[in-house]
Amino acid sequence: MRLRKRVRHSISLTCARYRLRPVTLEDAPFIVALRADPLLNRFIHEISLRIEDQVAWLERYFLRPGDYYFIVEDADSAEPQGTIGLYNMASESSCAEWGRWILKRSSMAALESAWLIYEAGFSKLQLASLCSRTLVENRGVVSFHDSFGACRVAVLEQHFIIRGEPKSAIEHRITAAEWPMLRARHYSTVSRLASRAQR
């Protein structure tokens, strides 16, 4: 199957070691391989593992307003690390949800990719707030959001259906007013980590 480099948006952002770029149809095989990993897909919705179905999903995504899907990649080598996205934008409140956050097992891009998605939401899209919703049992990611500085604002009972079972989620939120302090704090950390990695 020959895939095209179609994109829905033009937002690209680089931090210290990693960057976000718009997803394209050519990323379909990588996305399927990532979501087929049993260690990575325990807390997310199942998808078809046929590349053709992922291409069809992306084609529909390209038509949706208020949806920004990215590939996380190494800024030097362009090696893909994972995916992340902004979606469910509420125009009346200027808020959005971020998720579709999956990084391959060997990736060190967690902190930086989270920084980048907030930067995209606040600096590029001028949103008022960003929220994330994580399965209660996904303790590692819940802890990550806590340590990043996001506020827990709700427990959403039976919010997701995962493999036929209702699952509750914890909602975290960061506002545009809170972002400058968190932006500076985490940029200092990712810059320090990037310097160590280059030694």
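The values are calculated or read from the model by the stated rules, or taken from the named source; none is laboratory data. The structure displayed is predicted, hence computed values, not measured ones. Using ideal geometry, Cβ is built from the backbone for each residue, glycine included, and neighbour counts are taken over all protein chains shown. Areas reflect the complete protein model, heavy atoms only, side chains present, ligands, DNA and RNA absent. Shrake-Rupley method; radii C 1.70, N 1.55, O 1.52, S 1.80 Å.
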For this session: Report whether or not Met108 is outside any strand (DSSP E or B) and of a type in the set (A, V, I, L, M).
Result: yes
Seminar exercise, completed: Within segment 63-73, residues open to solvent by less than 30 Å² (accessible area, probe 1.4 Å) and either of a type in the set (A, V, I, L, M) or over 17 Å from Gly99 (Cα atoms) (or both) come out as Ile71, Val72
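Restricting attention to segment 24-55, report how many residues are open to solvent by less than 70 Å² (accessible area, probe 1.4 Å), in a helix (DSSP H, G or I) and more than 26 Å from Glu165 (Cβ to Cβ).
Here the count works out to 7.
Out of curiosity, is His172 under 28 Å from Ile47 (Cα atoms), open to solvent by 60 Å² or more (accessible area, probe 1.4 Å) and either assigned to a strand (DSSP E or B) or in contact (Cβ under 8 Å) with a residue 12 or more places away in the chain (or both)?
no
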For this session: Enumerate the pairs (first residue in segment 21-44 and at negative phi; second residue anywhere and assigned to a helix (DSSP H, G or I) and open to solvent by 50 Å² or more (accessible area, probe 1.4 Å)) with beta-carbon separation below 6 Å, excluding pairs fewer than 6 apart on the same chain, so at least 6 apart or on different chains.
Result: Ala28/Ile51; Pro29/Ile51; Val32/Ile51
Problem set entry | Boolean, Phe122 is within 19 Å of Arg192 (Cβ to Cβ) and not polar (S, T, N, Q) | no
